[in-house]
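Here is the structure we will look at.
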Amino acid sequence: MSIFLYYLLFVYGALMLVWFALVLVALYHMFHYGYKNFTTFFAIFLFLIVILALAYYTYILLAPVDWTAEIKIFSRPTSNPMF
Amino acid sequence: MLSAYRLPNFSPNEKIIKIVRRDLIILLGRLLYGAVLIVLPLVLLALGLFYNPAWLSSPLIYPVLVLSASVYFLFIWLFIFFQFIDYYLDLWIITSERIIDIQQYGFFSRVIAEQRLYRIQDVASETHGFWATIFRYGEVYVQTAGEKQRFTFYQIPNPDDIRNTIIQLAEISKKKQYKIANPAVNANLASVLDQNL
């Protein structure tokens, strides 16, 4: 059996959707209930900056990957005489 | 967002005396837990790559590693941010008229309770445990005559000072209420009562 590598991106995308929903919840709480002061704005700023950094480095590390490659999984071993 | 001067039911003569949050050491403890969750997988990943450098050139393992690490660290960062939100949005506000208890429970639960200072009957402070004693944080229990009979300040810094502040403010508020309720009391009697109170 073989799968294309970009199937992994679908799984990643589904997890990111869940994550993004939780991020919106977190930002809503801070904007709606947080005090209007430097700490609140700095915390939100730091939170978003780190997210952007993680997203950027993820992109940089995955850029050279050939997502159209086919990967064989559960392949039958050819060296075993019993098969 | 809440402005410091736009509290619910804020009256013009009301002044904010103190805004109290949990002690900073509580937040640092939670952040330390998050830091461990970040550092530990990095160490394991480094060890794995050290003993298996072929992972970096594998067409399957490398993207799986990167995607897994991306998901993991994004969720951990979000978890750390939620820890901060849980710490930051829980607060107690002591004003010249009342105490307000604002507590965030989870994502979609928020409780705000307030009590007038003149209804306070008893205030007690407690400090238990090694770390609480070293870093001087603890609980303050405020017994009131209202519907919510007990207000609790959890893990706040210098609970003894907060207790003293609330007691003093409660006494002042009770005097004011007594004068409001008894305007016909003559000036001499009022000053005698002031001294005794």
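One table, with the values for the structure above:
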item	result
Sites B:ASP161 and A:PHE41, calculated FRET efficiency, Cβ-Cβ separation with R0 30 Å, nearest 0.05	0.55
In nm, spacing of pseudo-spin labels at B:VAL43 and A:PHE31 (7 Å Cα→C-beta vector)	3.9 nm
Taking the C-alpha atoms of the protein assembly as shown, convex hull volume expressed per residue in Å³	192 Å³
Size of electric dipole in the protein assembly as shown: Cβ of Lys, Arg +1 and of Asp, Glu -1, about Cα centre, debye, nearest 20	460 debye
Averaged over A:30-38, number of beta-carbon atoms from partner chains that fall within 10 Å	5
Normalised contact order of segment A:2-72, rounded percent, pairs of Cα under 8 Å and 6 or more residues apart	79 percent
Accessible area (Å², 1.4 Å probe, nearest 10) - B:VAL71	20 Å²
Two-site FRET efficiency, B:GLN103 against B:SER68, from Cβ-Cβ distance with R₀ of 30 Å, rounded to 0.05	0.25
Set A:LYS36/B:LYS18; B:LYS18/B:LYS176; B:LYS15/B:LYS179; B:LYS15/B:LYS175 screened for pairs whose C-alpha atoms are more than 28 Å apart	none
Shielding score for A:9-20, defined as the mean number of other chain Cβ atoms within 10 Å	3
For chain B, calculated [θ]222 nm from helices alone, where every DSSP H run of n ≥ 4 adds -39500 (n - 2.57)	-16500 deg cm²/dmol
Segment B:103-165: GluC sites (Glu not before Pro) falling in loop per DSSP and having at most 14 other Cβ within 10 Å	B:GLU147
Cα-based helix-to-principal-axis angle, A:38-62 vs chain A, degrees rounded to 10	20 degrees
Efficiency of FRET between B:PHE75 and A:ILE3 - r from beta-carbon atoms, R0 35 angstrom, step 0.05	0.90
Heavy-atom SASA rank of B:ILE156, B:ILE80, B:ILE19 (probe 1.4 Å, accessible area, largest first)	B:ILE19, B:ILE80, B:ILE156
Cα-based Kirkwood hydrodynamic radius, segment B:1-144, one decimal, Å	19.2 Å
GNM top mover of B:PHE108, B:PHE81, B:PHE73 - chain B, alpha-carbon springs below 10 Å	B:PHE108
Translational diffusion coefficient (Stokes-Einstein; Kirkwood radius from C-alpha pairs) of chain A at 37 °C, 0.692 mPa s, in µm²/s	198 µm²/s
Positive-end residue, chain B charge dipole about Cα centroid, Cβ charges, pick of B:TYR87, B:ASN182, B:VAL66	B:ASN182
Per-residue mean of C-beta atoms belonging to partner chains within 10 Å, peptide B:66-79	6
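The values are calculated or read from the model by the stated rules, or taken from the named source; none is laboratory data. Note that the coordinates shown come from a computational prediction; the quantities given were computed from them, not determined experimentally. Here the Cβ is made from the backbone with ideal geometry for all residues, glycine too, and neighbour counts use every protein chain on show. SASA here: full protein model, heavy atoms, side chains in, ligands and nucleic acids out. Shrake-Rupley method; radii C 1.70, N 1.55, O 1.52, S 1.80 Å.
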